[in-house]
1. Tell me which residues, restricted to region 172-210, are within 18 Å of HIS69 (Cβ to Cβ), assigned to a helix (DSSP H, G or I) and of a type in the set (Val, Ile, Thr).
2. Restricting the search to region 282-308, which residues are in a loop (DSSP other than H, G, I, E, B), buried (at least 18 other Cβ atoms within 10 Å of the Cβ) and of a type outside the set (D, E, K, R)?
3. Inspect region 238-246 for any residue being of a type in the set (Asp, Glu), assigned to a strand (DSSP E or B), closer than 30 Å to ASN308 by Cβ and under 19 Å from the mean Cα position of the chain (by Cα) and give the result as yes or no.
4. Residues that are of a type in the set (Val, Ile, Thr), touching a residue at least 40 places away in the same chain (Cβ under 8 Å) and under 20 Å from ASP131 (Cα atoms): does region 287-298 have at least one?
5. Return the residue satisfying two criteria in turn: it lies in region 239-267 and is touching a Ser or Thr at 6+ places or on another chain (Cβ under 6 Å) and under 30 Å from GLY180 (Cβ atoms), and of such residues it is surrounded by the most Cβ atoms within 10 Å (Cβ to Cβ).
6. Which members of region 259-288 meet the condition of being within 23 Å of the chain's Cα centre (by Cα), among the polar types (S, T, N, Q) and farther than 11 Å from TYR238 by Cα?
7. Of the residues that sit in region 57-75 and are in contact with a helix residue (DSSP H, G or I) (Cβ under 7 Å, 6 or more places away or on another chain) and either in a strand (DSSP E or B) or charged (D, E, K, R) (or both), which one is surrounded by the fewest Cβ atoms within 10 Å (Cβ to Cβ)?
8. Given the criteria touching an Asp or Glu at 6+ places or on another chain (Cβ under 8 Å) and more than 21 Å from TYR135 (Cα to Cα), does GLY239 qualify?
Amino acid sequence: MSKMTLISMIATAAAFLAAPDMAGAESAAPVIEEKKAAAPIVRKGSLPVNGIDYYYEIRGEGEPLLLLHGGLGQIEMFAPVMPVFTDHRQVIAVDLQGHGRTPLGKRPIELPAIGADLAILMKQLGYDKLDVFGYSFGGGVALNMAANAPDQVRRLVILSAPYAQNGFFPEMLPQQAAVGAGMADMMKDTPMFLSYKAVAPDVSEFPKLLDAMGALMREPIDDSDAVAKLTMPVMLIYGDADMIRPEHMIDFYHKLGGGLRDAGWMRENMSKNRLTILPDLTHYETFASPLMANMAMTFLDGGGKAPNWAEQVGR
């Protein structure tokens, strides 16, 4: 297998492995003109939860927002849009199990377990209730956290993540199943490994991380029951060229009670949940899109409603 074939396979493998070639992503994705830098880190550290020492960083002021990255990534994935988030909120960003500065530990990577860990971690950090944003692998974690600790999550944004394995295009499933430690040596020059190497406490764990993520992706995950437990407002965001089937996006929205009928003249049938499909964005670009970040923040701040026709005429 050539290195380019390997990189292509990893880059298209799954929503869980969402750390693309950042040089390519920067040229293809919308670029923020950063008039304002992200707020500086005001607190950082690691806290143990159920055998995992989770690394976290806290930036900015305001209502708290938990930010969860994609697979084989880390907090730094959100650098292009972090100014948007920290301009509005106090952002708590966490490196998930086995990723970035958080060690893998001795247990499997499982979405419900990590979601439960984060609910505990947020309590330890002093947050009784907060908004949660998760991208890709982090979206699956966010879904499970919100389902199992609904009183702790005020609003939820899930970016580029399905609720079940069948949400991926079917040709991707064999590629997901192939992810494992055997790829580690050929990945030494890829952005996935280089970004991991820059911050990981033990670089030798990278092959184990690939094994753990491969094992997760081989599981026939279906979080329909978790979706049914969501009581807070939820926004689903995808790119129109995402790795999630469009039919699955709609099905997910339907499960949340959205898109089942006309909202009505006075929004009397309007769902509290939202579905957003952004143009000209792949799975590997949505997380760096300023359009995405601004739409997410509008939802999290409770805005977004336009005046209806009657309201316009009555002005």
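The values are calculated or read from the model by the stated rules, or taken from the named source; none is laboratory data. This structure is a prediction, so every number in the text was calculated from the model and none was measured. All Cβ positions, even for glycine, are placed from backbone atoms using ideal geometry, and neighbour counts span all protein chains on display.
1. VAL199
2. HIS283, TYR284, SER289
3. Within region 238-246 (the criterion being of a type in the set (Asp, Glu), assigned to a strand (DSSP E or B), closer than 30 Å to ASN308 by Cβ and under 19 Å from the mean Cα position of the chain (by Cα)), the answer is yes, since at least one residue qualifies.
4. Within region 287-298 (the criterion being of a type in the set (Val, Ile, Thr), touching a residue at least 40 places away in the same chain (Cβ under 8 Å) and under 20 Å from ASP131 (Cα atoms)), the answer is no, since none of the residues qualifies.
5. It comes out as ASP242.
6. If the condition is that a residue be within 23 Å of the chain's Cα centre (by Cα), among the polar types (S, T, N, Q) and farther than 11 Å from TYR238 by Cα, then SER271, ASN273 are the ones that fit.
7. GLU57
8. For GLY239, the condition - touching an Asp or Glu at 6+ places or on another chain (Cβ under 8 Å) and more than 21 Å from TYR135 (Cα to Cα) - is not met.
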